[in-house]
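Reading through the structure tokens given below for one structure.
Any read-out appearing in this document is the output of simple, stated calculations on the displayed coordinates, not a laboratory observation. Treat the numbers as computed from the prediction; the structure is a model and nothing was measured. Every residue, glycine among them, receives a Cβ derived from its backbone with ideal geometry; neighbour counts consider all protein chains shown.
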Amino acid sequence: MDIVTQSSDLDALFVNKLYRRSMKEFNISRTGNFFAVQSELHLSTSIPHIFCSFEHFRGLLPLECFEVLKESPSVLNLYMLIEGLLMLPYFSQEGLTPKMICEIEETRRQRSWSRISPDFFEHSHPFFKTILASITKHSKDLISNDESIKRRGTVICPDKIERMSFRLKDLFLTPLSFYFYLEHPKTNHSCDLPGHCGFLLKSRPEMKSGQPFKFTVDLCVDEEEYPNGLHIHPEFVKADKIHLVPLCSTIDGSQYFHASITWNEHGISRAFSDENSFPWWELGMSELDPFMDVFLTAFVTF
């Protein structure tokens, strides 16, 4: 690297850090109460689409559940609705009729939900292929590359080493940070800040009786915690617009474990060992190896 290039990079990093500090000072001066601002931000930055209770829908007949899911205030976006339907073996085996898909399209419009990314249907578990295939075949108003986009996170481990994948157990046992590159369409591709646009998520484990149970995820809005070269546009990137799905490496290839953390009030409901003494976790509808490699995928809606 020549001296001119190195100097230019250092100048860009300095400007980036200066921008972060000035924005924090601006927020303090605008409110006069920094701690109140931080508290308000914390309340609005928790990712709301994980470990939600499905108890209200259990015991209903499949068609009853379909009707209730469409109207339920617990269902916050189209991703949650589809993953709720995946929870029902009837629809996973039979798929959805064209009439039902038309009803989902009408619900999407009535509730002002964004359409979902076509990438959501990739790498699906074989058990879910029938229902997902029926949606892609018959839907005319549910899928779009313009209203939702997939991004895969890079994990920053406590030792500051960056990795694309991590062990499943780490998500439930260790605080982690994940950064994502994202050029949000609402910036009109006109961001003139140095570095890359994106966002940072921070996960924290929740233990139960000393055992792994669940985790929380928050969207970080403190620019000073961001890796050098990355910045967020908090006016556009919102926690309730980020839907998380784990992508796991299995012997059958990479698979999304749909609904495993979205509709799962029980977290890790059981830890056990197989006949070869290998550990397994029951997570939602799946039995998973806690040492398997996982990628954290974010579907961001606009």
Those trypsin sites (Lys or Arg not before Pro) in segment 103-142 that DSSP places in a loop and that have at most 13 other beta carbons within 10 Å: Lys140
So for each of 151-157, 223-229 I average, over its residues, the number of other beta carbons within 10 Å; can you give me the resulting order with the highest mean first? 151-157, 223-229
When the label point is put 7 Å from the Cα of Cys157 along its Cα-to-beta-carbon vector, which residues of segment 225-240 have a backbone N closer than 19 Å? 227
Each label point is 7 Å from the Cα along the Cα-to-Cβ direction; what then is the distance between the points at Ser144 and Glu122, in nm? 2.1
Förster radius 41 Å - calculated FRET efficiency between Glu206 and His233, Cβ distance, rounded to 0.05: 0.90
Could you tell me the calculated FRET efficiency between Asp222 and Lys186, based on Cβ-Cβ distance and R0 = 25 angstrom, to the nearest 0.05? 0.70
